[in-house]
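J.: Please find one structure pasted underneath; my questions will follow.
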Amino acid sequence: MVADKAYSSGKIRRMLAARGIKAVIPQKSDEIASRKTKGSRGGRPPGLDQRTYAGRNVVERQFGLAKQWRAIATRYDKHAISYRAGVVLCAVIAWLRK
């Protein structure tokens, strides 16, 4: 699971680990400072795969692009198939622009 710092808590990390899910979540600065003040009792910092985390930006930019389409952002369509068609059309146009 790739998430931002808002999801960086011990409880969330333990829940993900119990389910066998690898967490790619950077630590908050206050968590880092708290761990350092505890010294050797603070434990090891959780690992962070920078390459995987960098890919999160690509997904967020695509969501931002899709939200520029008013019908997609506000979910105007009455039926799911129409909404899905709008999302697919948005993705195809974004792909063609690249």
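The values are calculated or read from the model by the stated rules, or taken from the named source; none is laboratory data. Every value quoted in this text rests on a predicted model; they were computed, and no experiment measured them. Note: ideal-geometry Cβ built from the backbone for every residue, glycine included; neighbour counts use all protein chains shown.
J.: Would you tally the residues in the stretch 59-97 being under 27 Å from MET1 (Cβ atoms) and either charged (D, E, K, R) or assigned by TED's automatic domain parsing to the domain that holds MET1 (or both)?
T.: 5
J.: Right, another one. Looking at the stretch 51-77 only, could you name the residues that are modelled with pLDDT of 85 or more and more than 20 Å from TRP95 (Cβ to Cβ)?
T.: Of everything in the stretch 51-77, those that are modelled with pLDDT of 85 or more and more than 20 Å from TRP95 (Cβ to Cβ) turn out to be ARG51, THR52, TYR53, ALA54.
J.: Which of the residues spanning the stretch 24-47 are closer than 30 Å to TRP95 by Cβ and aliphatic (A, V, I, L, M)? Walk me through it before giving the result.
T.: Going through the stretch 24-47, the residues closer than 30 Å to TRP95 by Cβ turn out to be 24-26.
Correct list: VAL24, ILE25.
Per-residue answers, yes or no, for (1) surrounded by fewer than 14 Cβ atoms within 10 Å (Cβ to Cβ); (2) closer than 24 Å to ARG84 by Cα; (3) more than 19 Å from the chain's Cα centre (by Cα):
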residue	(1), (2), (3)
VAL2	no, no, no
LYS5	yes, no, no
SER8	no, no, no
GLN27	no, no, no
SER34	yes, no, yes
ALA54	yes, no, no
LEU65	no, yes, no
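J.: Within the set of pairs 6+ apart or on separate chains, which have a first residue in the stretch 1-27 that is touching a residue at least 60 places away in the same chain (Cβ under 8 Å) and within 18 Å of GLN50 (Cα to Cα), a second that is assigned to a helix (DSSP H, G or I) and among the charged types (D, E, K, R), and C-beta atoms under 9 Å apart?
T.: Close Cβ pairs (under 9 Å, with a partner that is assigned to a helix (DSSP H, G or I) and among the charged types (D, E, K, R)) do not exist here.
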